[in-house]
Amino acid sequence: MISTAIRLVRVGSRSELAAAVLMALSYPCVMIAALIPNIWMFAAAAAVSYAADWYLHQRGSYLVNRLSKVRAGLPIRFLLRELLLILLLARAGLAEEPLFYATVACFLLFYGLQAPHGALTTLIRLRRTMPVATRNVDLNAVRIPDAPPRALVRRSGEKMLHLDIPATAGVIVAAATGLDVAGYVGTALTITLGLLYTAALVPYLRRSRRVPSGPAVLKAVQKWLGEYQPTVALYFSGSEDSAYQVNMWLETMEQLEGRPIVIMRERGLVAKLNETSVPVLCIPGGQHLMAMKFDSVRVTLYPANVGKNIHMLRVPTMKHVFIGHGDSDKLASVNPFSKVYDEVWTAGRAGRDRYALADVGVRDDDIVEVGRPQLAPIESWTGATKNPIPTVLYAPTWEGWDNNPGNTSLLLAGENIVRRLLEAERPVRLIYKPHPFTGIRNKKALAVHERITAMVRKAAAERALDPRWAEQTAAGQAGRAAARAELTRIEARLAELTKPGRAGGDEAEESRVSLADPVRLAEIKSLRAEWNATYWRSFGWWEHTIVTGPEPKLYDCFNESDAMVSDISSVVSDFIASGKPYAVTDSAELGVEEFRRQNTAVRAAVILSNSAEELDRLLAAVADPAADSLAGARAELKKYLLGPDEPTSIEQFDAAVRALAVKAEARNAGVEQRIGEQAIGELDRESDAGGQGPEAEGNGVAETNGAEATATAAR
């Protein structure tokens, strides 16, 4: 019931739900206290409303946003509380007292300050917003001053409104005790603080505190592009939840020959990028991007099919390639939009065959098999489990945009899968890692996810108390505690390294200071690898684990597990690179043969029904290699899906980039030659027309024009 209430109210946790309930109850209590009147009841209810409101804002609760949409935003809530305080004074018989008029005047003045304060913060934000956001791009050609102190501009409207606390507290004390001086001091303090806060913002409107104008910044970026001369670009646009689609390609871009660049379109995504040495250029405005010259870029790579791709696809001097963000049998892997690209790159032969079967207009000549460079970190299976009991990863995909029951196993089979793994006759350890989009469209999927999470946590707690595991629990306790302490140290150091510049810098300042530092990047990569190893040491090899954040990464979970259960998605294709046993759920109940016919990636999988009763076959294959009848099929399928092991994927990918760049150069040279020939032809025709035209009547005009045209053509 509580989880249902959390979903309805759109809060993220039980504590947020409690704060929302307290806030909802506090305002009626404030009103009742004002009407009775009861000063101390009013004070208590008002304090609760302040505290609950503050907590919800601190947690960034979505409920706060929803209240604003129904005209119950923060300013309205503060104004209501202040009006009820004035009502309290009137009901307490103080309507004719100077304190009453002082309170009314205070709140009128205070709300009069909200407009200039809001205008100043808005102007400061607008005048510090550049037309681009960058990483690893030297913008020293323009002067970007430090951002205003974070304390002044972060959640400034909320801070300004909270300055009414001295007045509210002072007036309540004065009404309760008869000491009017407390009310006068409180109201004076509120007005003074409001004036000081507003005045403190004024210096940041000076020209020296602003970022350069948009044209100046764009000119500096164009100058940098002319100096850097990028040759291959990764172009990306998408929602903030899709940052993983560009992050998965950053290491590949770092390994390419030439001069790579990442071009993005959404500001919010820049902060979610992993650390990289590749220059990043975020240009939100389509008009700015189309005005930018990328004369040296010969190949542009697209991980996603989105509408904003058209702004770069219009450039004819470069070749455009769809590389996608995963390899699977989903319809997204054969999107008809792929026809707009010069080439479509797939991991192996399977991707080529998908397009042929789908017949969506992508020509076979335009498909290039390049492997999957991102899969290099995945460790190959040795044939034996890493720990005394096998670890099984359950990584369901999300529910998708339609209601197709085959999208995810979570809805119909998820709880059965988890229950059978947790209750397996021969114990296994479960790692549950759901897709980050789980529940964003279908609330039933979110509800199932929450139930599965509860099941795993309960099983983990029971296993910790089980006598069979008591010895291991006691023996490894000190080591796990040390690992958790080490994680805290690593995370603190990573936080320092991944936030260059001073704390509180805004987007403009970060663009100035976020320059590539090989030493810092090397330390970050080393610490991330150390963090991953330490993270798994912080758990016992028998402990069930839930992984829902960006770390540890999916491939790290692959390496920690001995088998996987998943759905039709790129996760399955990627896991095949490990050679480990895996199972895929036929949630749409197509039947084993039809399911295998429609989905290449499951040809070497244990096929599960929604009851998940076939899981015993998977667990048997993990426990005993002799029982693994699908090992040979997995090896063949790996080559078919992901391409050969030699040459390496990054070598194949880099060779494909170079080959396509040569095609782009040849195309551009051919166009220049044809334009030059056409120009000469036009001059020749002008020359011929001049020599054969009618004679001038006595003034030699025809002869003169013909001579000039001939001379021009000769030049």
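Test Val448 against the criterion of being in the same structural domain as Asp556 (by TED's automatic domain parsing), out of contact with any Lys or Arg (no Cβ under 6 Å at 6 or more places or on another chain) and modelled with pLDDT of 95 or more, and give yes or no.
In short, no.
Considering only residues that are crowded, with 22+ Cβ neighbours inside 10 Å and not hydrophobic (A, V, I, L, M, F, W, C), which ones fall in segment 577-619?
Across segment 577-619, the qualifying residues are Ser578, Lys580, Pro581, Tyr582, Thr585, Asp586, Ser587, Thr600.
Which one of these does Leu554 not meet: (1) among the aliphatic types (A, V, I, L, M); (2) within 30 Å of Arg210 (Cβ to Cβ); (3) modelled with pLDDT of 90 or more?
In the conditions (1) among the aliphatic types (A, V, I, L, M); (2) within 30 Å of Arg210 (Cβ to Cβ); (3) modelled with pLDDT of 90 or more, Leu554 misses (2) alone.
I'm checking my understanding of the structure. Among residues of segment 566-591 that are more than 19 Å from Gly632 (Cα to Cα) and of a type outside the set (S, T, N, Q), which one is nearest to the chain's Cα centre (by Cα)?
Ranking the candidates gives Val571 first.
Out of all the residues in segment 85-95, is one or more within 26 Å of Ala52 (Cα to Cα), β-branched (Val, Ile, Thr) and surrounded by fewer than 20 Cβ atoms within 10 Å (Cβ to Cβ)?
Checked against the condition, which is being within 26 Å of Ala52 (Cα to Cα), β-branched (Val, Ile, Thr) and surrounded by fewer than 20 Cβ atoms within 10 Å (Cβ to Cβ), segment 85-95 yields at least one hit.
So which of Ser573, Ser569, Ser561 ends up being of a type in the set (S, T, N, Q) and modelled with pLDDT of 95 or more?
When all the criteria are applied, what remains is Ser561.
Which residues, taken from segment 204-233, are under 16 Å from Ala133 (Cβ atoms) and either among the β-branched types (Val, Ile, Thr) or in the same structural domain as Thr121 (by TED's automatic domain parsing) (or both)?
Selection gives Val211, Val217, Val221.
Report those helices (runs of 4 or more DSSP H) wholly inside segment 5-105 carrying at least 3 residues which are out of contact with any strand residue (DSSP E or B) (no Cβ under 7 Å at 6 or more places or on another chain) and in contact (Cβ under 8 Å) with a residue 60 or more places away in the chain.
39-58, 74-91
If you go through segment 284-302 one residue at a time, do you hit one that is within 30 Å of Arg528 (Cβ to Cβ) and part of a helix (DSSP H, G or I)?
no
How about segment 111-141: which of its residues are under 30 Å from Ala220 (Cα atoms), modelled with pLDDT of 90 or more and of a type in the set (A, V, I, L, M, F, W, C)?
Those that are under 30 Å from Ala220 (Cα atoms), modelled with pLDDT of 90 or more and of a type in the set (A, V, I, L, M, F, W, C): Ala119, Leu120, Leu123, Ile124, Leu126, Met130, Val132, Ala133, Val137.
Look at Pro552 and say whether it is of a type outside the set (Phe, Trp, Tyr) and either in the same structural domain as Ala485 (by TED's automatic domain parsing) or in contact with a Leu (Cβ under 6 Å, 6 or more places away or on another chain) (or both).
Considered against the rule, which asks whether it is of a type outside the set (Phe, Trp, Tyr) and either in the same structural domain as Ala485 (by TED's automatic domain parsing) or in contact with a Leu (Cβ under 6 Å, 6 or more places away or on another chain) (or both), Pro552 comes out as no.
Is it fair to say Ser573 is touching a residue at least 24 places away in the same chain (Cβ under 8 Å), touching a Leu at 6+ places or on another chain (Cβ under 6 Å), in a helix (DSSP H, G or I) and not hydrophobic (A, V, I, L, M, F, W, C)?
So Ser573 fits the description; yes.
Evaluate the following for Tyr355: is it over 21 Å from Ala635 (Cβ atoms) and at pLDDT 95 or above?
no
Return the residue satisfying two criteria in turn: it lies in segment 395-435 and is modelled with pLDDT of 90 or more and touching a Gly at 6+ places or on another chain (Cβ under 8 Å), and of such residues it is farthest from Ala627 (Cα to Cα).
The qualifying residue farthest from Ala627 (Cα to Cα) is Thr408.
Whether any residue in segment 287-301 is within 18 Å of the chain's Cα centre (by Cα) and either among the hydrophobic types (A, V, I, L, M, F, W, C) or over 20 Å from Arg667 (Cβ atoms) (or both) is what I want to check.
Just the residues of segment 287-301 that are within 18 Å of the chain's Cα centre (by Cα), to begin with: none.
No, segment 287-301 contains no residue that is within 18 Å of the chain's Cα centre (by Cα) and either among the hydrophobic types (A, V, I, L, M, F, W, C) or over 20 Å from Arg667 (Cβ atoms) (or both).
Tell me whether segment 107-115 contains one or more residues that are over 18 Å from Ala47 (Cα atoms), without any contact (Cβ under 8 Å) to a residue 24 or more places away in the chain and among the polar types (S, T, N, Q).
Checked segment 107-115: no residue is over 18 Å from Ala47 (Cα atoms), without any contact (Cβ under 8 Å) to a residue 24 or more places away in the chain and among the polar types (S, T, N, Q).
Suppose we keep only residues that are surrounded by fewer than 21 Cβ atoms within 10 Å (Cβ to Cβ) and among the β-branched types (Val, Ile, Thr) within segment 546-576. Which one would you say is farthest from Leu465 (Cα to Cα)?
The extreme case among them is Thr548.
Test Gly214 against the criterion of being under 23 Å from Val657 (Cβ atoms), surrounded by fewer than 21 Cβ atoms within 10 Å (Cβ to Cβ) and touching a residue at least 60 places away in the same chain (Cβ under 8 Å), and give yes or no. Outline the logic, then answer.
Details: under 23 Å from Val657 (Cβ atoms): no; surrounded by fewer than 21 Cβ atoms within 10 Å (Cβ to Cβ): yes; touching a residue at least 60 places away in the same chain (Cβ under 8 Å): yes.
Taking the combined requirement at face value, the residue does not satisfy it.
Give all pairs with beta carbons closer than 6 Å in which a residue from segment 253-268 that is surrounded by 22 or more Cβ atoms within 10 Å (Cβ to Cβ) meets a residue that is of a type in the set (S, T, N, Q) and at pLDDT below 95; count only pairs at least 6 apart in sequence or on separate chains.
Between residues of segment 253-268 that are surrounded by 22 or more Cβ atoms within 10 Å (Cβ to Cβ) and residues that are of a type in the set (S, T, N, Q) and at pLDDT below 95, there is no close pair.
How about segment 131-196: which helices (runs of 4 or more DSSP H) wholly inside it have at least 1 residues that are touching an Asp or Glu at 6+ places or on another chain (Cβ under 8 Å), hydroxyl-bearing (Ser, Thr, Tyr) and touching a residue at least 24 places away in the same chain (Cβ under 8 Å)?
Of the helices (runs of 4 or more DSSP H) lying wholly inside segment 131-196, those with at least 1 residues that are touching an Asp or Glu at 6+ places or on another chain (Cβ under 8 Å), hydroxyl-bearing (Ser, Thr, Tyr) and touching a residue at least 24 places away in the same chain (Cβ under 8 Å) span 165-177.
Kindly list the number of the only condition in (1) crowded, with 20+ Cβ neighbours inside 10 Å; (2) modelled with pLDDT of 90 or more that fails for Asp327.
In the conditions (1) crowded, with 20+ Cβ neighbours inside 10 Å; (2) modelled with pLDDT of 90 or more, Asp327 misses (2) alone.
The values are calculated or read from the model by the stated rules, or taken from the named source; none is laboratory data. None of the values given here were measured: they were computed from a predicted structure. No Cβ is skipped: glycine too gets one built from the backbone with ideal geometry, and neighbour counts run over all protein chains shown.
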